[in-house]
């Protein structure tokens, strides 16, 4: 799959979000989209998934079917988990049995639960399930670890490996540093409307450190200067 | 595509969004037929005009039922063209149900006479239905992006459809031929005028749907 001179802006007079982006991913490849909040990572993912059309340029050799996991699953719909996934499965010619992914993602207890009654993490699992049911050849994951429990977070790299092993392409964005669990992934760094394709990423570990609040900015600057990737600076402890 | 039409109709009914249109239809039918028995052709001509804003509103309600992100998920599943067509077909299906309800109900209460008026009445409602689905689509959130603009498009379109269709209008072709159809039905139309008005309705709807499709290309 190749993005050839792709540019995008929202509306005819909107500011350009992405300009002249040319990157590619081979079959069986995994791409990790990196960048600060608001630089256009989600826009890039939606262009790749075919949700948005490029304002200029084109995307060639996009494999199908496409599975897209949005950053926030739209839970405000009058369906149960099973009813929704069954309805989504019917949109595709070839799918895995719905119950396969309900069981695998730990949704069995929520089969008859209405989408609106789900917690954010469980709704995110439904979003993951609907993308995986059609056996995607292109899987686009927008912050897939957000809100997931520990067991489901472990499952994401496993699923990515299964899709790529079958010759599919996976593109993931993440600001939690979880993509360090995807060794062999190619990085696409989004900044100032451009995308820079990096080398194959090495496996990374995430170290959480606590410093006095007054020293947070200085410590983050020191770490960046030392070549580390500072994922987040929080002023409140998260238990 | 039929699976997506079914999914959208299910969400529309289960979400309770079918009720406002049903109540609106009941009110319209009550106003039109409340005064006593009428000739079917004449009454159906005015019914088709009165139902135009109701069916357009229903089409907007149906197309707005789905959250924006779910509509995008549907695009990844079936592609942008079939996603768009499925929305219009679902809106047309709901409109057809409303038309059937509004045409059958007066018969049940004996408010209509003259079975010969059923066929031209059906034609007038069909012309109103396709045009109303077009207007509802133009007013949907996927195009207007806000409730306020959506309502403005819906109300302005409905008012213009009547005002521009009045007898003596200098630009009757800018509006769907609802008023012209109502006038013809009252005068027992010939087949030539029915063909002309049908062509007008289809052309108007085709232009509106083309505008809708074009705007959807850039407003996902």
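The values are calculated or read from the model by the stated rules, or taken from the named source; none is laboratory data. These figures come from a predicted structure and were not determined experimentally. A quick note on method: Cβ atoms are made from the backbone with ideal geometry, for glycine too, and the neighbour counts reach across all protein chains shown.
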(Q) Condition check: within 14 Å of chain A (Cβ to nearest Cβ), in a helix (DSSP H, G or I), surrounded by fewer than 21 Cβ atoms within 10 Å (Cβ to Cβ) and in contact (Cβ under 8 Å) with a residue 60 or more places away in the chain. Does residue B:85 satisfy that? (A) yes
Q: Within the range B:91-116, work out how many residues are touching a strand residue (DSSP E or B) at 6+ places or on another chain (Cβ under 6 Å) and either assigned to a helix (DSSP H, G or I) or closer than 30 Å to residue B:139 by Cα (or both).
A: 1
**Q.** residue A:42 vs. criteria surrounded by fewer than 15 Cβ atoms within 10 Å (Cβ to Cβ) and within 20 Å of the chain's Cα centre (by Cα)
**A.** no
Q: Just one of (1) surrounded by fewer than 20 Cβ atoms within 10 Å (Cβ to Cβ); (2) not in a loop (DSSP other than H, G, I, E, B) trips up residue B:169, so point out which.
A: (2)
Q: Might you let me know whether the range B:64-82 holds any residue that is under 18 Å from the mean Cα position of the chain (by Cα) and within 14 Å of another protein chain (Cβ to nearest Cβ)?
A: yes
Q: Confirm whether residue B:201 is under 21 Å from residue B:119 (Cα atoms), within 15 Å of the chain's Cα centre (by Cα) and crowded, with 20+ Cβ neighbours inside 10 Å.
A: yes
Q. Here is a list of conditions, (1) touching a strand residue (DSSP E or B) at 6+ places or on another chain (Cβ under 8 Å); (2) surrounded by fewer than 22 Cβ atoms within 10 Å (Cβ to Cβ); (3) in contact (Cβ under 8 Å) with a residue 60 or more places away in the chain; (4) more than 13 Å from every other protein chain (Cβ to nearest Cβ), and residue A:37 meets all of them except one; can you say which number that is?
A. (1)
Q) Inside the range B:1-70, counting only helices (runs of 4 or more DSSP H) that do not spill past its ends, which hold 3 or more residues that are at pLDDT 90 or above and surrounded by 21 or more Cβ atoms within 10 Å (Cβ to Cβ)? A) B:2-14, B:40-65
Q: Would you check if there is a residue in the range A:11-30 being more than 14 Å from every other protein chain (Cβ to nearest Cβ) and closer than 22 Å to residue A:229 by Cα?
A: yes
Q. Pairs, please: C-beta under 6 Å, at least 6 apart or cross-chain, first residue modelled with pLDDT under 90 and in the range B:201-220, second not in a helix (DSSP H, G or I)?
A. B:220/A:52
Q. Does residue B:120 fit the bill of being more than 14 Å from every other protein chain (Cβ to nearest Cβ), surrounded by fewer than 14 Cβ atoms within 10 Å (Cβ to Cβ) and touching a helix residue (DSSP H, G or I) at 6+ places or on another chain (Cβ under 8 Å)?
A. no
Q: Just name the residue that is nearest to residue A:10 (Cα to Cα) out of those in the range A:56-76 that are surrounded by fewer than 22 Cβ atoms within 10 Å (Cβ to Cβ) and within 8 Å of chain B (Cβ to nearest Cβ).
A: A:72
(Q) Which numbered condition in (1) over 27 Å from residue B:77 (Cα atoms); (2) surrounded by 12 or more Cβ atoms within 10 Å (Cβ to Cβ); (3) at pLDDT below 80 is the only one that residue A:182 fails? (A) (1)
